[in-house]
Ligand code: ADE
Ligand code: ZN
């Protein structure tokens, strides 16, 4: 397969995205546009100088810049524009279903109402469903560097918008903020009917993945790279069909791996883990879904069967109905039958 053939194959695969922070899809050009119209001065004088700052040695260095960028988002229209830009981009890459995170506390902590944030995101998602045929789920993510009490306040603020939210997640600085810190708020979120996911095993150890499973009772792991350190954990993931939402370009940019050839996704597929490919924060890490598939496939020399398995896993691990899963998985298989 030449690189061009590989790119063409990837473009045509009907794809899901299950791990995407909407604030992480904030492209510098749009950031400057929104900053200008909101009369906010960014610390950078051009798109180029901002992009130059996107060099990270670890998760925290990235988060510091990511939270800074989000500060220009003030109004419902800003959240709408951010989400709509993401949807049109992934539509062009043949992504047909998305399950996206938003971080309410990043905004409520600086005085923006929960309603402003979620209304803009929700309206764009609905427009995308109607006009682009992209189905979606919305996940409210608690920031783990803040207290559990703050997460409880977020849960309370979300109550009037319960019908727009499908699940809750846990993100931000992993080391030193284990899942167990949020045991009570996850239990309360489950009682409200939300599905549960959590970032675990990105920088943190395999133990954090166990905690996410056993204490938070999550049903899907975001990242989970470190699971391969623990054979009993791998067995548990396989037996319980716990999916991992992997983000290869993110892992490379945040130095979770040294080079793409070291990415564990091929090993995970070999073992029968329900591994999926996602973009995490595409505006910061140099690529959306197709670029993540492409760079991974190129470095690990993935064959067509492995690419097909990754796409199928995306639908399998999603929260769409069983009927819809079957329909999409048939479409993926039909597509690969046309690719020689
Ligand atoms: N927030 C946005 N991207 C994140 C990541 N990769 N890990 C933890 N928190 C995040
Ligand atoms: Zn993430």
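The values are calculated or read from the model by the stated rules, or taken from the named source; none is laboratory data. Since this is a predicted model, take the numbers as computed values, not measurements. All Cβ positions, glycine included, derive from the backbone under ideal geometry; neighbour counts span all protein chains shown.
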Q) What number goes with the only condition from (1) touching a helix residue (DSSP H, G or I) at 6+ places or on another chain (Cβ under 8 Å); (2) closer than 24 Å to residue 65 by Cα; (3) surrounded by 18 or more Cβ atoms within 10 Å (Cβ to Cβ) that residue 245 does not pass? A) (1)
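Would you call residue 236 within 15 Å of ligand 2 (Cβ to nearest atom), surrounded by fewer than 24 Cβ atoms within 10 Å (Cβ to Cβ) and not in a strand (DSSP E or B)? Before you say what the answer is, go through the steps one by one.
On the way: within 15 Å of ligand 2 (Cβ to nearest atom): no; surrounded by fewer than 24 Cβ atoms within 10 Å (Cβ to Cβ): yes; not in a strand (DSSP E or B): yes.
The answer is no for residue 236.
What residue, of 180, 173, is within 15 Å of ligand 2 (Cβ to nearest atom) and touching a helix residue (DSSP H, G or I) at 6+ places or on another chain (Cβ under 8 Å)?
Working: 180 fails: within 15 Å of ligand 2 (Cβ to nearest atom).
So the residue among 180, 173 that is within 15 Å of ligand 2 (Cβ to nearest atom) and touching a helix residue (DSSP H, G or I) at 6+ places or on another chain (Cβ under 8 Å) is 173.
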Q.
Checking residue 39 against (1) without any contact (Cβ under 8 Å) to a residue 12 or more places away in the chain; (2) at negative phi, only one condition comes out false. Which one?
A. (2)
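Identify all residues within the range 147-172 that are farther than 28 Å from residue 92 by Cα and crowded, with 18+ Cβ neighbours inside 10 Å; write none if there are none. Explain how you work it out, then say what you get.
From the range 147-172, those farther than 28 Å from residue 92 by Cα are 147-163, 170, 172; that's our starting set.
If the condition is that a residue be farther than 28 Å from residue 92 by Cα and crowded, with 18+ Cβ neighbours inside 10 Å, then 151, 154, 155, 157, 158, 170, 172 are the ones that fit.
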**Q.** Within the range 189-204, considering residues that are more than 13 Å from residue 169 (Cα to Cα) and in contact with a helix residue (DSSP H, G or I) (Cβ under 6 Å, 6 or more places away or on another chain), the one surrounded by the fewest Cβ atoms within 10 Å (Cβ to Cβ)
**A.** 203
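Picking from 274, 252, 307, 302, which residue would you name as being in contact (Cβ under 8 Å) with a residue 60 or more places away in the chain and buried (at least 19 other Cβ atoms within 10 Å of the Cβ)? Full working, then the answer.
Values: 274 fails: in contact (Cβ under 8 Å) with a residue 60 or more places away in the chain; 252 fails: in contact (Cβ under 8 Å) with a residue 60 or more places away in the chain; 302 fails: in contact (Cβ under 8 Å) with a residue 60 or more places away in the chain.
That would be 307, the only listed residue that is in contact (Cβ under 8 Å) with a residue 60 or more places away in the chain and buried (at least 19 other Cβ atoms within 10 Å of the Cβ).
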Q.
Return the residues of the range 215-233 that are in contact with a helix residue (DSSP H, G or I) (Cβ under 6 Å, 6 or more places away or on another chain) and part of a helix (DSSP H, G or I); say none if nothing qualifies.
A. 226, 227, 229, 233
Q) Just one of the numbered conditions (1) modelled with pLDDT under 95; (2) crowded, with 16+ Cβ neighbours inside 10 Å; (3) in a helix (DSSP H, G or I) is not true of residue 4; which one? A) (2)
(Q) So, in the range 239-291, how many residues would count as being more than 14 Å from ligand 1 (Cβ to nearest atom), under 22 Å from residue 82 (Cα atoms) and part of a helix (DSSP H, G or I)? (A) 3
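Taking the conditions exactly as written (in contact (Cβ under 8 Å) with a residue 40 or more places away in the chain, within 16 Å of ligand 2 (Cβ to nearest atom) and surrounded by fewer than 24 Cβ atoms within 10 Å (Cβ to Cβ)), does residue 288 satisfy them or not?
yes
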Q: Determine, yes or no, whether residue 34 is within 25 Å of residue 203 (Cβ to Cβ) and touching a residue at least 24 places away in the same chain (Cβ under 8 Å).
A: no
Q | Condition broken by residue 61, with the remaining ones in (1) within 16 Å of ligand 1 (Cβ to nearest atom); (2) more than 17 Å from the chain's Cα centre (by Cα); (3) buried (at least 22 other Cβ atoms within 10 Å of the Cβ) satisfied | A | (3)
Q.
I'd like to know if the range 67-77 contains one or more residues that are more than 21 Å from residue 250 (Cα to Cα), within 16 Å of ligand 1 (Cβ to nearest atom) and modelled with pLDDT of 95 or more.
A. yes
